[in-house]
Amino acid sequence: MFKFRKLIIVLIAALALAACQPATEAPTETPLPEPTMPFTETPPDMDFPAEAIYIESPAPGATVGSSIQIKGMAAPTFEQNLMVRVLAEDGAVLHEMPTTIQADAGQRGAFSADVPLELDAEGNIFV
């Protein structure tokens, strides 16, 4: 009787281990759904860059003084509001101010901001 119980326990343990083994069948790949909207490129007759925010001035590498006039074009935003942020080389915020995109709601348009600066030394800044 004791050997019979031992055999049953071994069989139960073997079945439990067999149930824990991973499946040997390879997983099937689920195909990606087709896009609902086709990709369209920017029409070639548009006279502005495709970036969401394009800064026209100051140009990269420009020398600036105690104030900067920042000009550019921007894609539409919520209520056409845009934040202008000037950063030091180390990422510290030197100045931050709101401006408005000069276009009807939902339209791309020009923006500008006159940013006063207090620079202690020469170095790079980023808009």
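Coordinate-derived values only; no laboratory data. None of these values were measured; they are calculated from a predicted model. In this analysis, Cβ positions are derived from the backbone assuming ideal geometry, glycine residues included, and neighbour counts consider all displayed protein chains.
Please report the relative contact order for segment 53-126, taking Cα pairs under 8 Å with a sequence separation of at least 6, and give it as a percent rounded to a whole number.
34 percent
When ranked by the protection proxy of mean other Cβ atoms within 10 Å per residue, highest first, what sequence do the peptides 82-90, 108-116 form?
Averaged packing, sorted descending, gives the order 108-116, 82-90.
Rounded, prolate or oblate: which one fits segment 53-126, using the alpha carbon gyration tensor with axes a ≥ b ≥ c (rounded when a/c is under 1.5, else prolate when a/b beats b/c, else oblate)?
Because a/c hits 1.5 or more and a/b exceeds b/c, segment 53-126 counts as prolate.
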